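The values are calculated or read from the model by the stated rules, or taken from the named source; none is laboratory data. As the structure is a prediction and not an experimental result, all values here were calculated from the model. Neighbour counts run over all protein chains shown; Cβ positions are idealised from the backbone, glycine included. For the accessible areas, the whole protein counts, side chains as well, though only heavy atoms, and no ligand, DNA or RNA atoms are used. Shrake-Rupley method; radii C 1.70, N 1.55, O 1.52, S 1.80 Å.
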Amino acid sequence: MNAAGLRSRPTERKLYGRLGSPYVWAGTTYFAEGLPFSLVRQISSVYFKDLGASLPAIGLTSLYGLPWTLKWLWAPFLDRFGTKRKWLLIAQALLVLAVSSLAAVSATPSALAGGAVVFLVIALFSATHDVATDGYYLEALDKQGQARFVGYRVMAYRLAMIAGAGGIVALSYYVGWSLAVAGAAAILAALLLYHSFFLPRAEQEIRPIRAMVNGRTALQLALAALAVAAVGLLVVAAKRWPPLAERLAGLAPLGKALSPAGWISVGLLTVLLVLLILRRPLQKRMLSSGSFYASAFMSFLDQDRIGWALAFIVFYRTGESLLGTMAAPFLLDLGIDKAQYGLLSGTLGIIFSIFGALAGGALIARHGLARTIWPFTLAQNLTNLLYMGLAFHYREILAQGVASAPAVSLGLVGAVHCFEQFAGGLGTSVFSYYLMRCCRPEFKASHFAIVSGVMTVGGTLFGVASGFLASWLGYGNFFGLSFLAALPGMCLIPFVPFVKNAVPPRA
């Protein structure tokens, strides 16, 4: 290991030099991860709105989130065949082609229908790229390095989201969608070129990727392709025929409350809990089959005290999710106008969140997970009490309305919001590092895909109830309740595994 925590041979370290340092690629790989996600999850709705799609049809863009929710289904293939570096480069190359195709389609009369299909293809490649990138990060860095650069991951990902939601959308106003999307493709192509030459080779190949081409794997991939095609045709049909979109939007009463991705996350957790209960009788049967796919899931569940870990992962972000859903409406109800909110959230908030993530990573690497997980988690959840205090301090404004009440102190509101973002960066860094510790070495990509799927469950379920609770209790009581909702996650910290000795002593 070198000082940066990079797993590579001395000759490779000399060859790659500074350009192959994780100080560079830990940022570039996660920027390349965040930009396609922003294209699909943020920009697609603006794209379709600009092209005249109906609101129900635009609402169906939530289906584009399914590949990220389902990525744990094909993550074991990335552990079994090839290397994470190869998969990362393949996925990036496919993303360059797909985003370039979107740029080309955007300039044609078929921009609406063609874009609906291409966005789904981008989502599939992007979710696969996420699995490869997370797996590569765990493979290329030792525990010390993983902790040190976790802040770089968060920073680069958020900058990519800003570049997508802000930069590309703004650029489309001046040069049109085709050239704006082509700019995104050019950025991804430049990152692919850099990664092809300078991304260190940190993993030995178990089986070549071409070994995937067999009867069983071909059938599984064909079924996956059919499922993707079916979702794509559904979205295209809905955008072509608005009545279908309206009919689909009204199929389930909970459709607006819990998205398809949310239901899948809940389903994943349910399956894991059932397998955890039945793992003893199932373990011998599944492992005796020789299936690497079964081994990926059973090896995750066979870890010591994994039930405590799953509970912690589910409950860790419940308080943060409740707060995050209602923070913006609360600030606007206080009389913060859109320009002020944009300054607080889009500029100062992002800066403080990046500082929090970088500081969190540095402190975890220096002091270890066991000494940082409790104070970082407490800091993240104390923001709920600060918002509660703010709500009670300005209760007259909330009761009387902005028009008949004095103006709020922008400095006080800004201080609370910036602390929330800084503490959120600390919490994100420590939680991300804990998720890494839940992954066994032989199934890094698979296990990280599983835990990242499970972590959305608590936020999804509690986020659904936030609006109802805030209306019923009022902002002050709601923020107090959100802090109480965070207590189970904090109380689980003494019982969860993978915390002690998560970072080795520094030499």
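Legend: residues K49, K84, K143, sorted from most to least accessible area (1.4 Å probe; ligands, DNA and RNA excluded), read K49, K143, K84.
Per-peptide packing, taken as the mean over residues of other Cβ atoms within 10 Å, places 119-125, 361-367, 335-341 in the sequence 119-125, 361-367, 335-341 from highest down. Split the accessible area of region 33-148 by element, probe 1.4 Å, and carbon with sulfur accounts for 68%. Per-residue SASA remark: L323, around 10 Å² accessible (1.4 Å probe; ligands, DNA and RNA not included).
The order of F431, F468 by accessible area, most exposed first and with a 1.4 Å probe, is F468, F431.
Across the accessible surface of region 170-211, with the other protein chains kept in place and a 1.4 Å probe, carbon and sulfur atoms take up 66 percent.
Would region 104-154 count as rounded, prolate or oblate if I go by the C-alpha gyration tensor, calling it rounded below 1.5 in a/c and otherwise prolate when a/b exceeds b/c, oblate otherwise? Here region 104-154 falls in the prolate category. Measuring nothing but protein heavy atoms, the accessible surface of region 413-494 at 1.4 Å probe radius is 74 percent carbon and sulfur.
For the pairs K84/K143; K84/K444; K49/K71; K143/K444; K143/K500, note any where the Cα-Cα span goes beyond 21 Å. Let's see the in-between values first.
On the way: K84/K143 18 Å; K84/K444 10 Å; K49/K71 28 Å; K143/K444 13 Å; K143/K500 12 Å.
Pairs exceeding 21 Å: K49/K71.
Packing, as the average of other Cβ atoms within 10 Å across residues, places the peptides 176-184, 193-201 in the order 176-184, 193-201, highest first. What separates the Cα centres of region 141-188 and region 319-353 is a distance of 21 Å.
Remark: region 91-221 carries 41 Å² of accessible area per residue (probe radius 1.4 Å; ligands, DNA and RNA excluded). Ranking S409, S452 from most to least accessible surface, computed with a 1.4 Å probe over the protein chains only, gives S409, S452.
For D50, the solvent-accessible surface with a 1.4 Å probe is about 100 Å², rounded to the nearest 10. Which shape class, rounded, prolate or oblate, goes with region 19-148 when its Cα gyration tensor gives a ≥ b ≥ c as root eigenvalues, a/c under 1.5 marks rounded, and past that a/b bigger than b/c marks prolate? Verdict is prolate for region 19-148. Rolling a 1.4 Å probe over the protein chains gives V457 an accessible area of about 0 Å².
Rolling a 1.4 angstrom probe over the protein heavy atoms with all chains in place gives region 33-86 an accessible area of 30 Å² per residue.
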